[in-house]
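Structure record follows, encoded as structure tokens.
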Amino acid sequence: MPAFRLGFQDGSQLVLTEAGAKKRAGVWLLTPEEAELELAHLGPEALGLGAERLGEICAGESRRLHSLLRDQRVIAGSGRAWANEILHHAQLSPYALSRELEPDEVSRLATAIDSELTRGLELRERGANDKKTYRVHNKLGEPCYVCGTPIARVDYEEHTVYYCPHCQTGGRVLKDRRLSRLLR
Ligand SMILES: [Zn+2]
């Protein structure tokens, strides 16, 4: 069920849907000047960022990669789900520190950002739903599309990290904080 739908004269449509349980999406009508002010805090667009610029961003502050990719002030355009898809494609741990990446890892990450977001956009334009679009996100226990290892996850209040323990963390299963809190 779309939250918002805008029809254009040529028959095309802008459709806004919000999948999460917490509804936060909104629609505003702004002048170009107001829009510029509203968007001033956003980082550069993720798609087409390139290894050089990404390398500067990674070196700029020491952040866990999943957290860095979710932060719109740092890189705009990739959220929680795409952070999972991108890091899996780049074969990097969600908890790797941005400043500790080797140059080849930065370039793998830049390539993964472009290829995964391009893949996602193409699928979405054809009307694909979440289940068809994501290959790692929300796929707990399903086989990794690269190596067949069951996808694992770590739960947080506001987001969930999904990853392949074989492709991304060298066989290490990351601690599920919610589960360990329950067991304490
Ligand atoms: Zn794998």
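The values are calculated or read from the model by the stated rules, or taken from the named source; none is laboratory data. Because the structure is a prediction, the values reported are computed rather than measured. A quick note on method: Cβ atoms are made from the backbone with ideal geometry, for glycine too, and the neighbour counts reach across all protein chains shown. Calculation scope for accessible area: heavy atoms of the full protein, side chains included, ligands and nucleic acids excluded. Shrake-Rupley method; radii C 1.70, N 1.55, O 1.52, S 1.80 Å.
For the reader, a short list of remarks on this structure follows.
- Filter result for the condition that a residue is in contact with a Leu (Cβ under 9 Å, 6 or more places away or on another chain), over 26 Å from residue 170 (Cβ atoms), at pLDDT below 95 and open to solvent by 50 Å² or more (accessible area, probe 1.4 Å), over 38, 125: 38
Table: residues versus (1) hydroxyl-bearing (Ser, Thr, Tyr); (2) within 14 Å of the ligand (Cβ to nearest atom); (3) in contact with a Gly (Cβ under 9 Å, 6 or more places away or on another chain).
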{"residue": "71", "(1), (2), (3)": "no, no, yes"}
{"residue": "135", "(1), (2), (3)": "no, yes, no"}
{"residue": "151", "(1), (2), (3)": "no, yes, yes"}
{"residue": "176", "(1), (2), (3)": "no, no, no"}
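- So residue 142, is it within 12 Å of the ligand (Cβ to nearest atom), farther than 24 Å from residue 48 by Cα and of a type in the set (Asp, Glu): yes
- Those helices (runs of 4 or more DSSP H) of the range 63-128 in which 2 or more residues are farther than 15 Å from residue 162 by Cβ and of a type outside the set (Ser, Thr, Tyr) occupy 103-125.
- Scan of the range 129-184 for residues that are over 14 Å from residue 81 (Cα atoms), at pLDDT below 90 and in a loop (DSSP other than H, G, I, E, B), ordered by number: 157, 171, 172, 173, 174, 175, 176, 184
- The lone exception for residue 46 - which of (1) over 17 Å from the mean Cα position of the chain (by Cα); (2) open to solvent by less than 60 Å² (accessible area, probe 1.4 Å); (3) not basic (Lys, Arg) it fails: (1)
- Looking across 101, 92, 140, one residue alone is in contact (Cβ under 8 Å) with a residue 24 or more places away in the chain, of a type outside the set (Lys, Arg) and open to solvent by 20 Å² or more (accessible area, probe 1.4 Å). It is 101.
- Sole residue being β-branched (Val, Ile, Thr), touching a residue at least 24 places away in the same chain (Cβ under 8 Å) and in contact with a helix residue (DSSP H, G or I) (Cβ under 6 Å, 6 or more places away or on another chain), chosen from 75, 86: 86
- Test: residue 118 is exposed (fewer than 15 other Cβ atoms within 10 Å of the Cβ), of a type in the set (S, T, N, Q) and over 19 Å from residue 70 (Cβ atoms): yes
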